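Chemist: Below are the structure tokens for one structure; questions will follow.
Each reported figure results from applying straightforward, stated rules to the coordinates on display, with no laboratory input. Since the model is a prediction, treat every value here as computed from it, not as a measurement. Heads up, the Cβs are rebuilt from the backbone with ideal geometry, glycines too, and the neighbour counts pull from every protein chain shown.
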Amino acid sequence: MRAGNEQKYGGLDSFRVIAAILVIANHTSPLLSYDAFADFMLTRIVSRVTVPFFFMCTGYFFLQKLGTDKNKNIEMLKQFLIKLAKLYMLSILIYIPVNIYAGYFTEQFSIYTLVQDILFNGTLYHLWYFPGVMLGVCICYFLCTKLSIRAAFLIALLLYIIGLLGDSYYAFAQSNLYLERIFQAIFFLFDSTRNGIFFAPVFIMLGGLIAAYGQHVQGKPVQRNRVQTKRAQRKTKWYACGFIFFFGLMVTEGLLVKEFHLSRHNSMYLLSIPCMYFLFQLLLSFTIKSNKYLRNLGILVYVLHPMCIIIVRGAGKVTGLTSVVVGNSLIHFMLVTMLSFAASAFVMSAAKGISRKTSSSESDDRGRAWAEINLAHLQHNVKEIQRVLPNGCNMMAVVKAQAYGHGGWQIAEHLNRLGINHFAVATLGEGIELRKKGIKGEVLILGYTHESAIHQLAAYRLTQTVVDVDYAKKLSACSVKINVHIKIDTGMGRLGESYEHIEEIASMYRFSNLNVKGTFTHLNAADSLEEPDIAHTKNQISRFDHVIAQLRSKGIDPQKLHVQSSYGVLNYNECNYDYARIGIALYGVLSREEDKVKTSISLRPVLSLKARVVQVKQVKKGVSVGYRGTYTADKDGKIAIIAIGYADGMPRLLSEAKASCLIKGKRRAIIGSVCMDQLIVDISDMDDVAQGDIATLIGVDQDESISAEELAGQCNTITNELLSRLGERVTKIYK
Ligand SMILES: *Cc1c(COP(=O)(O)O)cnc(C)c1O
């Protein structure tokens, strides 16, 4: 199903706070001092939207993540349950003193009631929510993996109807002897029907249904045109009307249930289902930015407010003000609400402080070898590249291979923020990672994806490159509609259908399951300004233009066109296509130090590579160091061991003084052979180097600097390779 687009659930997040306040109202009866009927309306009817709302949020986010991979699904369920169980256990422990005070362990306490409470009712009145949501999710998970989502919903609805008979409509169950017996048994087992079996599933499923059917709508890119905005506003109105209508009906239902004394308990109403449907859709239609703080605040207030009720009552007793702070129900409610929010905010800032101390802090990230990613430089490069792009040509940011070693989704996320909405990756896995991290816009896979993964292409809204006509047939035969770009080989001899096969190319636009969004080719010598290379490139461009003209003359729209990558733009910016696929230039470097380009542009390198000095030692003249002793000191001297090696992406070709690094602003030679995890530097003439100092492999240190181009040249490669091969152990720090 749809991958996370984490940006626009602010409506839900805000309502969580309102819901938490309603829960407090439910437990403090704010209007009781004034009007018992109004209080009944507020606490026994209106506030009944809160728990279903929380269930729906869970269903909406959990069920949409269910995929076809069974192991992944089970792993997800497990993680979900563990997370909630921890929270539940913590809540149980916090409230044990309250239990003791309230006499929980004296009257009628037995192992049986304890188990019943832990599994269904909660050990304090509000804690039933946790086992409820866990059990409900398990049931929905089971139903969804066995049945269609609609059938699963119907079963959940049936459970809810049974639940209603044990709750608001108990009078009906009592009207029949057999039914009454059944419900006696149910109450013996669970005490009530307000639990994870009868109450939770229908709302969890409802959330899941909304997620399943809302995919296309909510998956749409953020930029809306006027028509879409109008349509969205109309939707909001429609949902608001639906909510008001059914909310009114639900209130009426609640009053009737009360009037005719139908209920045993009144937490479940039939009309809360349509009412919640419209409320949830309304909240989703707001597309406000998600707010994690509000989300956590909501749940914390839920957990902590009973404690605050006790504290307010206790404070009333101590100060002798009970008649005011408890006696006036509205003041009581407001004090409890304020205290609950203050306590929750306090817990959150304390937790943040703790996690900052324990999680991988800066010093851990810089413990050994790390890359500093300068996002301001990235932004500068984006601006510079956009400046030199032809009018109307948009940047497609190439973030394959972890954005050339800079961190794939992190870079893409930042580019999203800078307004870039087209991305290219090399593989399916890279594309999925971007979607899972909430990257918006088009994500084009430049490489081949086996057709067996077609569902993932569709589910994650990835655009696949069609490499030739046979591949087009295979993809289309899968009967899953996907977006594609057609690739033409204009003389590189790599991926793409040959420019000479016009008929085959034309046929690739006619497959019903392939939604062609673009056509492109790749230039293989645009980085060279040698005469034959220029001729070859111009030839490629005219071949591409010719193919496009032929397609158009056949009435085929080739859609968006793109040809140039970084060097294509820098050397041929007279060519104007819809996109330019920019990789290496985004990261602020060229492939080689000696490369000249026609367009003048000021790029700033985004990445610096650093590592710690982990040991400093003296070497006597004639002593050899490193594997096979390839370096022998020709006089008494000193060496430093640096914690970065070829497993981190420092090629072994840099051994034997071919390259250097910077220590305390001085260039020092890398000697001996580069090892897997370390390398050795000659620091004979330096007195002030100590364990823990920082060595710069790429970047600036005081007045000295080493560029990625220089280092790449020293190991006979280009920066593209050097950077994209930085190892996983190199932590990344974004500034
Ligand atoms: C990697 C790649 C690019 C990016 O090239 P740069 O030279 O890094 O800008 C563009 N197009 C295709 C097809 C690629 O594979």
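Chemist: Given that compact globular proteins tend to follow 2.2 N^0.38 Å, what is the ratio of the alpha-carbon Rg of segment 625-672 to that value?
Modeler: Normalised Rg, Cα atoms only: 1.16.
Chemist: Taking the alpha-carbon distance from K617 and a cut-off under 19 Å, which aspartates and glutamates remain once sequence neighbours fewer than 8 residues away in the same chain are dropped?
Modeler: Cross-link targets: D634, D636, E656, D677, D682, D685, D687, D688, D693.
Chemist: Multiply the residue separation of E710 and H546 by 0.36 nm, subtract the distance between their alpha-carbon atoms, and state the gained length in nm to one decimal.
Modeler: Extra length from E710 to H546 when fully extended: 55.1 nm.
Chemist: Between K621 and E728, what's the calculated FRET efficiency when r is the beta-carbon distance and R0 is 35 Å? Round to 0.05.
Modeler: According to the calculation, E is roughly 0.30.
Chemist: Right, here's the next one. Using the crude model of +1 on Lys and Arg Cβ and -1 on Asp and Glu Cβ, and no other charge, please compute the dipole size for the chain relative to its Cα centre, in debye to 20.
Modeler: Computed about the Cα centre, the dipole is about 1460 debye.
Chemist: May I ask you to give the average projected area over all directions of the convex hull of the Cα atoms of segment 78-136, in nm² rounded to one decimal?
Modeler: Working: hull surface 15.7 nm².
Mean projected area of the Cα convex hull: 3.9 nm².
Chemist: What ³J(HN,Hα) values, in whole Hz, does the Karplus curve 6.51 cos²θ - 1.76 cosθ + 1.60 give for segment 603-618 when θ = phi - 60°, with x put for Gly and Pro?
Modeler: Values, residue by residue: 9, 10, x, 8, 9, 10, 10, 9, 8, 7, 6, 9, 7, 10, 8, 7 Hz.
Chemist: Name the residues of segment 392-432 whose amide N is less than 12 Å from a point 7 angstrom out from the Cα of Q379 along the C-beta direction?
Modeler: Answer for segment 392-432: 414-415, 417-419.
Chemist: In addition: Rule-of-thumb check for segment 485-643: C-alpha Rg over 2.2 N^0.38 Å?
Modeler: So the Cα radius of gyration is 1.64 times the expected 2.2 N^0.38 Å.
Chemist: While we're on this one: Report, in listed order, any pair from K65/K235; K292/K352; K146/K436 with a Cα-Cα distance greater than 18 Å.
Modeler: Cα-Cα > 18 Å for K65/K235; K146/K436; rest within.
Chemist: Semi-axes, largest first, in whole Å: what does sqrt of 5 times each Cα gyration tensor eigenvalue give for segment 370-587?
Modeler: 26, 23, 14
Chemist: For the chain, what is the percent of antiparallel DSSP beta bridges, rounded to the nearest 5?
Modeler: Details: 32 of 64 bridges.
Antiparallel: roughly 50 percent of the beta bridges in the chain.
Chemist: Whose amide H sits under 5 Å from the amide H of K732, counting only residues 5 or more places off or on another chain, with H placed in the peptide plane?
Modeler: A371
Chemist: Additional query: Provide, in order from the shortest bin, the percent of all Cα-Cα pairs of the chain in each 20 Å bin, continuing until the bin that contains the maximum pair distance.
Modeler: P(r) for the chain, in whole percents per bin: 14, 36, 30, 17, 3, 0.
Chemist: Once Lys and Arg get +1 and Asp and Glu get -1 on their Cβ, which of L179, I92, Q540 lies farthest toward the positive end of the dipole of the chain?
Modeler: Comparing the listed Cα positions along the dipole, L179 ranks first.
Chemist: Another question, if that's okay. Mind sorting M650, M41, M250, M348 by how few other Cβ atoms lie within 10 Å of their own Cβ, fewest first?
Modeler: On the way: M650 32, M41 17, M250 22, M348 14.
Ordered from fewest to most neighbouring Cβ atoms within 10 Å, M650, M41, M250, M348 come out as M348, M41, M250, M650.
Chemist: Which distance in nm do the two modelled labels at M334 and L529 give, with both placed 7 Å along the Cα-to-Cβ direction?
Modeler: 7.5
Chemist: Using only the Cα atoms of segment 191-337, each taken as one equal point scatterer with no solvent, compute I(q) by the Debye sum, divide by I(0), and report log10 of the ratio at q = 0.08, 0.14, 0.17 Å⁻¹.
Modeler: One equal scatterer on each Cα of segment 191-337 leads to -0.39, -1.00, -1.18.
Chemist: Now, a different point. Kindly give Rg over Rh for segment 526-587, based on alpha-carbon atoms, with the Kirkwood expression for the hydrodynamic radius. Show your work: numbers first, answer last.
Modeler: Working: Rg = 12.9 Å, Rh = 12.6 Å.
So for segment 526-587, dividing Rg by the Kirkwood Rh gives 1.02.
Chemist: Using modelled backbone amide H atoms (1.01 Å from N, in-plane), which distant-in-sequence or interchain residues come within less than 5 Å of I671's amide H?
Modeler: Result for I671 returns A657, I680, V681, D682.
Chemist: With the dipole of segment 426-465 worked out from charges on the C-beta (+1 for Lys and Arg, -1 for Asp and Glu) around the Cα centre, which of A453, G438, A426 lies farthest toward the positive end?
Modeler: It is G438.
Chemist: With the cut-off at 22 Å, report for segment 28-158 the share of all Cα pairs above it, as a whole percent.
Modeler: Roughly 53 percent, once rounded to a whole number.
Chemist: Out of all Cα-Cα pairs in segment 608-706, roughly what percent, to the nearest whole number, are more than 22 Å apart?
Modeler: 19
Chemist: Something else now. Under a cut-off of 26 Å between alpha-carbon atoms, report the lysines in cross-link reach of K474, not counting same-chain residues fewer than 8 places apart.
Modeler: Counting by Cα, and skipping residues close in sequence, K474 has these lysines nearby: K70, K400, K487, K517, K554, K560.
Chemist: Taking H placed 1.01 Å from N in the peptide plane, check which residues at least 5 places from V516 or on another chain put their amide H under 5 Å from its amide H.
Modeler: Amide H neighbours of V516: V484.
Chemist: If each residue of separation counts as 0.36 nm, what is the full-extension length gain between S507 and I311 once their alpha-carbon separation is subtracted?
Modeler: 63.1 nm
Chemist: Still on this structure: Would you calculate the volume per residue, in Å³, of the smallest convex hull containing every Cα atom of segment 108-262?
Modeler: Working: hull volume 24.1 nm³, N = 155.
With only Cα atoms used, segment 108-262 gives 156 Å³ per residue.
Chemist: Could you derive backbone 3J(HN,Hα) for segment 163-172 from the dihedral phi with the Karplus parameters 6.51, -1.76 and 1.60 (θ = phi - 60°), listing whole Hz in sequence and x where the residue is Gly or Pro?
Modeler: x, 4, 5, x, 10, 5, 10, 4, 4, 5
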